[in-house]
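What follows is calculated from the coordinates using simple rules that are stated; it is not laboratory data. All figures in this text were calculated on a predicted structure; none of them were measured in a lab. Don't worry about glycine lacking a Cβ; one is built from the backbone with ideal geometry, like all the others, and counts go over all protein chains shown.
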Amino acid sequence: MSQAGMLYVVATPIGNMGDISARAREILAGAGVVAAEDTRHSAQLLRELGLKRPLLSLHEHNERARAVELVQRMRGGENVALISDAGTPLVSDPGYQLLRAALAAGIVVSPVPGPCAAIAALSAAGLASDRFGFEGFLPARATARRRRLAELAAEPRTLVFYEAPHRLAASLADLAQACGATRRACVARELTKRHESFYRGSLAELAELAGRDPDLARGESVIVVEGAGPAPAGAGRLDEMLGVLLHYLPPSAAAAAASKLAGVRRNEAYARALELAAARPGDSA
Ligand code: SAM
């Protein structure tokens, strides 16, 4: 039997062709087939690199079936290079099913590291980077997004989010509401491209800017948010707890749970729960 091929997970530029690595070029040049999210987009990348390799589409709607086909080809000795439209495959991009199938079949998987918008944003945001959490995209629907943010509000690590241009302003407003107006953040826009820009400030400032400056929502952005400070003790934690509980429970039940957890009187928790529930913005997608 011929020796099995390998699966290479190859990072590609997020906006600047100069960021393609010498090894990425070499692996792409030697691949039997390049599995790509959008073959028309990736054909352009290969043209710019002066490479002619067969491309096969692999996206969220055909990934399982393609994985079977590609594993067969690797078993037959072909090397497969997996790329996405930009950046590192599998980071909010397809590839996970293929990787699982390849590993299950005993195929050797090797990364060819390179550009990633999350890491590029974090590296220049000016916020703590010794520990961070990558959240990918927040839910598109406002209710689900606010629920997720309520869960994340007390996270002490710096958080990194991807966001679509048309949801940037809404997400910043929800972040300010959930994490507090004064929490520091950075919007890293059009990284590595001609109009690369960083907007640094408090969440309230960035939300306000996004609401009035259409430039902020032009192009692609990463939002980096400072982690939460130490949790306030006792009664000070009431708002934080109610903020989470009110997503799941009516005010009376949320108040009952929060009063026990925060050690405050039930009446006090109930009055505050009613205030917070009334101040909650209405849902919109
Ligand atoms: N796999 C890619 C990576 O490694 O960065 C991310 C793909 S994800 C589908 C696309 C999101 O990444 C965009 O909505 C945006 O949040 C972020 N992004 C991609 N390129 C970017 C750039 N040049 N500048 C800022 N954000 C970018």
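Please give the helix 39-48 orientation as an angle from the longest Cα principal axis of the chain, in degrees from 0 to 90, rounded to the nearest 10.
60
Taking loop as defined by DSSP and a crowding limit of 16 other beta carbons within 10 Å, which trypsin sites (Lys or Arg not before Pro) in the stretch 1-108 fit?
Numbers: sites: Arg23, Arg25, Arg40, Arg47, Lys52, Arg64, Arg66, Arg73, Arg75, Arg100; in loops: Lys52.
Qualifying residues, ordered by number: Lys52.
For helix 251-262, what angle does its Cα long axis make with the longest principal axis of the chain, in degrees from 0 to 90 and rounded to 10?
90
Does anything in the stretch 117-137 have its amide N under 16 Å from the 7 Å Cα→Cβ label point of Tyr96, and if so which residues?
Inside the label zone: 134-137.
Taking Rh as the Kirkwood radius computed over C-alpha pairs, what is the Stokes-Einstein D of the stretch 6-115 at 25 °C in a medium of viscosity 0.890 mPa s, expressed in µm² per second? Each step should come with its number before you reach the end.
Numbers: Rh = 13.5 Å.
For these conditions, the coefficient is 182 µm²/s.
Using alpha carbons only, how many angstrom separate the centre of the stretch 125-139 from the centre of the stretch 60-109?
If you average the Cα positions of each part, the centres end up 27 Å apart.
Which percent of the Cα-Cα distances in the stretch 109-164 go past 18 Å? All intermediate terms of the calculation are to be shown ahead of the outcome.
Working: 669 of 1540 pairs.
So the portion of pairs separated by more than 18 Å is 43 percent.
Can you compute the label reach from Thr143? Point 7 Å from Cα along the Cβ direction, backbone N cut-off under 14 Å, restricted to the stretch 248-283.
In the stretch 248-283, the label zone of Thr143 (backbone N under 14 Å from the point 7 Å along Cα→Cβ) covers 248-250, 281-283.
Neighbouring Cβ atoms within 10 Å as the yardstick, rank Val10, Val160, Val33 fewest first. Spell out each step's value before the answer.
On the way: Val10 28, Val160 24, Val33 19.
Lowest to highest Cβ neighbour count: Val33, Val160, Val10.
How much length, in nm to one decimal, is gained on full extension between Lys260 and Arg131, taken as 0.36 nm per residue of separation minus their Cα-Cα distance?
Numbers: separation 129, 0.36 × 129 = 46.44 nm, distance 3.17 nm.
Gain in length upon complete extension: 43.3 nm.
If every alpha-carbon in the stretch 118-225 counts as one equal scatterer, what log10 I(q)/I(0) does Debye give at q = 0.11, 0.15, 0.17 1/Å?
-0.28, -0.53, -0.70
As an exercise, use a Förster radius of 35 Å and the Cβ-Cβ distance of Arg47 and Leu209 to find the FRET efficiency, rounded to the nearest 0.05.
Values: r = 38 Å, r/R0 = 1.09.
FRET efficiency, Arg47 to Leu209: 0.35.
Could you work out how far helix 168-179 tilts from the main Cα principal axis of the chain, as a 0 to 90 degree angle to the nearest 10?
50
Based solely on its DSSP helices, what 222 nm [θ] is calculated for the chain when runs of n ≥ 4 H residues each add -39,500 (n - 2.57) and the sum is averaged over all residues, nearest 500 deg cm²/dmol? It would help to have the intermediate numbers written out before the result.
Working: 11 runs with 117 residues, N = 285.
Roughly -12500 deg cm²/dmol at 222 nm, from the helical runs in the chain.
Given 4 °C and 1.567 mPa s, compute D for the chain with the Stokes-Einstein relation, Rh being the Kirkwood radius over Cα pairs; round to the nearest whole µm²/s. Display every interim value, and only then the final one.
Details: Rh = 21.2 Å.
Stokes-Einstein gives a translational diffusion coefficient of 61 µm²/s.
What number results when the radius of gyration of the stretch 235-279, computed over Cα atoms, is divided by 2.2 N^0.38 Å?
0.91
How large is the Rg to Rh ratio of the stretch 55-154 when both quantities use alpha carbon positions and Rh follows Kirkwood?
Working: Rg = 17.1 Å, Rh = 16.1 Å.
Answer for the stretch 55-154: 1.06.
Which FRET efficiency value, to the nearest 0.05, do you get for Glu196 and Glu26 by plugging their Cβ-Cβ distance into 1/(1 + (r/R0)^6) with R0 = 25 Å?
On the way: r = 28 Å, r/R0 = 1.11.
About 0.35, to the nearest 0.05.
With only Lys, Arg, Asp and Glu charged, each at its Cβ (+1 for the first two, -1 for the last two), find how big the charge dipole of the chain is about the Cα centre; round to the nearest 20 debye.
Taking the Cα centre of the chain as origin, the dipole is about 400 debye.
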